[in-house]
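Novice: Take a look at the following structure, please.
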Amino acid sequence: MKWICTAGLLLIAPCAMADVCQLHVTANDQMRFEQQTLEVEGRCTEVEVTLHNTGKMPANVMGHDWVLTKTSDVASVANAGMSLGLAGNYQKPGDKRIVAATKVIGGGETASVRFSLGQLEPGASYSYFCSVPGHYSIMKGRLFYNPAASPAVALNVAK
Ligand code: CU1
């Protein structure tokens, strides 16, 4: 991350305008996210999350996705998507509680999703989880960000 920004500084513009921060999450055949928490730097306006499934099993056996909601909505959003199956990524279409979500991927695959921090409610607690049935109880973690430091969230509050 630092290296990218430093390289960007040489070109001046990329570092100044594109405050898209990259976060990487890995999931595995042990039904775990390797990161228990993710932290967003204060300078970020947008976040791109890349999920990498380091396992070997296909999506229909040990698939994983990355879904971001308020912490209080994790269980209800997971339950709402359960019946949609793998083809529907176990995510209810149009579910407004979902801030961002990748599709379900199998071992060796990667998926990413980008979202604006302006979508987050300042002061609320956000968590990510895997919506594949039975996974969210252990495949979840907290997303931390500093609304006071984020330009996107500050703009949102000012509206
Ligand atoms: Cu999973």
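The values are calculated or read from the model by the stated rules, or taken from the named source; none is laboratory data. In this text the structure is predicted, and so the values were computed from the model without any measurement. Every residue, glycine among them, receives a Cβ derived from its backbone with ideal geometry; neighbour counts consider all protein chains shown. Quick note on the areas: whole protein, heavy atoms, side chains included, nothing else; ligands and nucleic acids left out. Shrake-Rupley method; radii C 1.70, N 1.55, O 1.52, S 1.80 Å.
Novice: With just the Cα atoms defining each centre, how far is the stretch 82-145 from the stretch 21-42? Give it in Å.
Specialist: When both Cα centres are located, 12 Å separates them.
Novice: Still on this structure: Just to verify a number: what accessible area does Arg32 come out at with the full protein assembly present, 1.4 Å probe, Å² rounded to tens?
Specialist: Result for Arg32: roughly 120 Å² accessible.
Novice: Quick one: 3J(HN,Hα) in Hz for the stretch 122-139, Karplus 6.51/-1.76/1.60 with θ = phi - 60°, rounded, Gly and Pro as x.
Specialist: Running phi through 6.51 cos²θ - 1.76 cosθ + 1.60 with θ = phi - 60° gives x, x, 7, 9, 10, 9, 10, 7, 9, 8, 5, x, x, 8, 5, 5, 10, 8 Hz.
Novice: Further, regarding this structure: For Met57, what accessible area in Å² do you get when you roll a 1.4 Å probe over the heavy atoms of the protein chains, rounding to the nearest 10?
Specialist: 70
Novice: Tell me, in nm to one decimal, what length is gained between Ala149 and Asp95 on full extension, where the rule is 0.36 nm per residue of separation less the Cα-Cα distance?
Specialist: Between Ala149 and Asp95, full extension yields 16.6 nm more.
Novice: I would also like to ask the following. What percent of all Cα-Cα pairs in the stretch 18-157 falls into each 5 Å bin, going from 0 up to the bin containing the maximum distance?
Specialist: 2, 11, 22, 24, 19, 13, 7, 2, 0
Novice: For Ala87 and Arg43, what does the FRET efficiency come to when R0 = 35 Å and r is the distance between their Cβ atoms, rounded to the nearest 0.05?
Specialist: 0.40
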